[in-house]
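Heads up: the structure comes next, in structure tokens.
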Amino acid sequence: MGTRPSRRSPGGHRASRRDLLLGLPALGLGAFALGGCAQAGATTDVENVLSISLNQTESHPSFSALSFFGEQLAEATEGRWGARVYANESLGAQQEVVQLVSDGAVDMAVISSTQVENLSMDFRPLNLPGAFESIDHQLAVLSDESIVGELFASLEPTHRLRVLGGFTQGSRHVYTDRGPIEGPEDLAGLKIRVQESDVFMALMRALGGSPTPMAYGEVYTALQAGVLNGAENNEVSYVTQRHYEIAPYFTLTNHLVGLDYVMANVDRIEEMDEADQQAYADTFAAAQEEFVRLWIAETDASTQQMLDAGVEINEPDPEAFGPAIEEVGRTFLESAEDEGMYRAVQAVAESMGEENA
Ligand code: GCU
């Protein structure tokens, strides 16, 4: 595996990925002593420390929820298992890290659903604009075994990867270094970073911008260098990554409700005895609930921080971008299986609507 030079992110210093990976096998009991290390996260003082890769800063809800997971796991397994969260992409960007988890070099990671789709197209229907109407709808789908049960286990035979569950990315919006953006014509010619995914490339074209695929951790510097005019994400990422410093026009395009998967290496989970595996699953479920609570509070706090920082938040006419966004959703439903899953997801929303009626 190659090495790359240390980089700096808005979230802090980065050690080279190789340095960190070389340190991983030795973590065990000694890991506690490294707890104050700038690029590492919470560490539990336990016999077996699970390494968790995250591309967010320590102030992101995913970091807090996974640190909580490590602490709870240590308690539930009486110190046999715990976790340590490596923030700020310090173990690598998601596209490489998913491979490291598959290989067993890293135990767990938060991976955006777009990257999972690059491993298996079966995940695509959940990544399309229009798939999820709201965070509540997404949560209901995530807990519906008939929709996600087989899907989440489908990468085990081929990649040794298990999807434990998901953390919402909330609604995603576009932000730029100029504005206001009222419709696709205002994004014409602007280079907007997207995740490395065909759906996002098409989506950004439909919104009117020039899509530029790039790893998350590179965006701040690219915005600063003028290589990008903007990007798209939720309020929490926009604030924690400090992108508002360079791209202070935030346009509520609401192009989709995104999803992060928390993935784990199956062989590593199977090292646990049965009771510990159960504790692991229960603890993850509790962390998922903790995440939702944190996410809602943090989205509100981020919006306030944006306003305090002088970000111009613009809400365009929903008709300006809406039809183009919906069209992208339809274009990518390519097979009967995709259609079937998409319909099952819509049916969950409909039954929620009926319940609330
Ligand atoms: C969100 C998401 C990340 C993802 C990022 C991105 O922040 O939570 O998992 O990597 O968007 O746009 O790349």
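The values are calculated or read from the model by the stated rules, or taken from the named source; none is laboratory data. Please read these numbers as outputs of a predicted model, since none were measured by experiment. Neighbour counts are summed over all protein chains in view; Cβ atoms, including those assigned to glycine, are modelled from backbone coordinates with ideal geometry.
Taking the stretch 273-320 as the region of interest, how many residues are outside any helix (DSSP H, G or I) and not assigned by TED's automatic domain parsing to the domain that holds Leu164?
Applying the first criterion (outside any helix (DSSP H, G or I)) to the stretch 273-320 yields 273, 309-317.
From what is left, the residues that are not assigned by TED's automatic domain parsing to the domain that holds Leu164 are 309-317.
Count: 9.
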Residue match in the stretch 135-146 (condition: within 14 Å of the ligand (Cβ to nearest atom) and not assigned by TED's automatic domain parsing to the domain that holds Ile325): yes
Hey, Glu133 acidic (Asp, Glu), modelled with pLDDT of 95 or more and over 17 Å from Val345 (Cβ atoms) or not: no
Filtered residues of the stretch 54-80 (kept if among the aliphatic types (A, V, I, L, M) and either within 14 Å of the ligand (Cβ to nearest atom) or at positive phi (or both)): Leu54, Ala65, Leu66
Unique match (being more than 12 Å from the ligand (Cβ to nearest atom) and surrounded by 20 or more Cβ atoms within 10 Å (Cβ to Cβ)) among Pro180, Pro211, Pro248: Pro211
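To keep it simple, each residue is scored yes or no on (1) loosely packed, with under 14 Cβ neighbours inside 10 Å; (2) modelled with pLDDT under 95; (3) not hydrophobic (A, V, I, L, M, F, W, C).
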residue	(1), (2), (3)
Val292	no, no, no
Glu298	no, no, yes
Gln304	yes, no, yes
Asp308	yes, no, yes
Pro323	yes, no, yes
Arg330	yes, yes, yes
Glu334	yes, yes, yes
Single residue of the stretch 106-116 satisfying the filter (within 16 Å of Leu164 (Cα to Cα) and in a helix (DSSP H, G or I)) that is farthest from the ligand (Cβ to nearest atom): Val116
Residue count, the stretch 166-177 (criterion: crowded, with 20+ Cβ neighbours inside 10 Å and among the small types (Gly, Ala, Ser)): 2
Failed item, numbered, when Asp122 is tested on (1) outside the structural domain of Phe321 (by TED's automatic domain parsing); (2) away from the ligand (no atom under 15 Å from the Cβ); (3) within 24 Å of Ala247 (Cβ to Cβ): (3)
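Okay, residues lined up against (1) in the same structural domain as Pro323 (by TED's automatic domain parsing); (2) out of contact with any strand residue (DSSP E or B) (no Cβ under 7 Å at 6 or more places or on another chain); (3) within 15 Å of the ligand (Cβ to nearest atom):
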| position | (1), (2), (3) |
| --- | --- |
| Gly104 | no, no, no |
| Leu126 | no, no, yes |
| Leu161 | no, no, no |
| Leu190 | yes, no, no |
Residues that are farther than 16 Å from Thr57 by Cα, in a helix (DSSP H, G or I) and either in contact (Cβ under 8 Å) with a residue 24 or more places away in the chain or of a type in the set (Val, Ile, Thr) (or both), drawn from the stretch 73-95: Leu73, Ala74, Ala76, Gln95
Enumeration of residues in the stretch 229-245 that are out of contact with any Ser or Thr (no Cβ under 6 Å at 6 or more places or on another chain) and more than 10 Å from the ligand (Cβ to nearest atom): Arg242, His243, Tyr244, Glu245
